[in-house]
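Heads up: the structure comes next, in C-alpha cells.
The values are calculated or read from the model by the stated rules, or taken from the named source; none is laboratory data. Predicted model only: the values in this text are computed from it and were never measured. Note: ideal-geometry Cβ built from the backbone for every residue, glycine included; neighbour counts use all protein chains shown.
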Amino acid sequence: MATDNLVKAATIEGTPIAEEARSRLDAAGITATLQASPDVGEGAALGGTMSRVDIMVPPADLERARGIIAQVGHEDGVQPDEK
C-alpha cells in the first residue's frame, strides 16, 4: 500500500495502544499503518511505549476507522483527528 495515499485517522499515546487499534482495524478489514507522529521530535521511534503514533488509513475508510478507533479511545490515549 502506498503510504502517500493515506490519511491520518488519529494520534495515539503509546505504541501498545496504537497496535491494539491497528489490530481492531485489521479485523474490520481496514488496512492501517502506524508512524511516529511528527510532533514527537527527532530520534523518536515506534518502539517507545509513550510515543505519539499516527494511525494512517485509506481515505475511503477514514470515517469507519475513526469509529473503531473511538472504541479503543474509551480505553485510553486516543486523540481523534477531526480534520
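Being part of a helix (DSSP H, G or I) and either at pLDDT 95 or above or surrounded by 14 or more Cβ atoms within 10 Å (Cβ to Cβ) (or both) is the filter here; which residues of segment 71-81 pass it?
Val72, Gly73
Which members of segment 2-59 meet the condition of being assigned to a loop (DSSP other than H, G, I, E, B), surrounded by fewer than 11 Cβ atoms within 10 Å (Cβ to Cβ) and modelled with pLDDT of 85 or more?
Correct list: Gly29 only.
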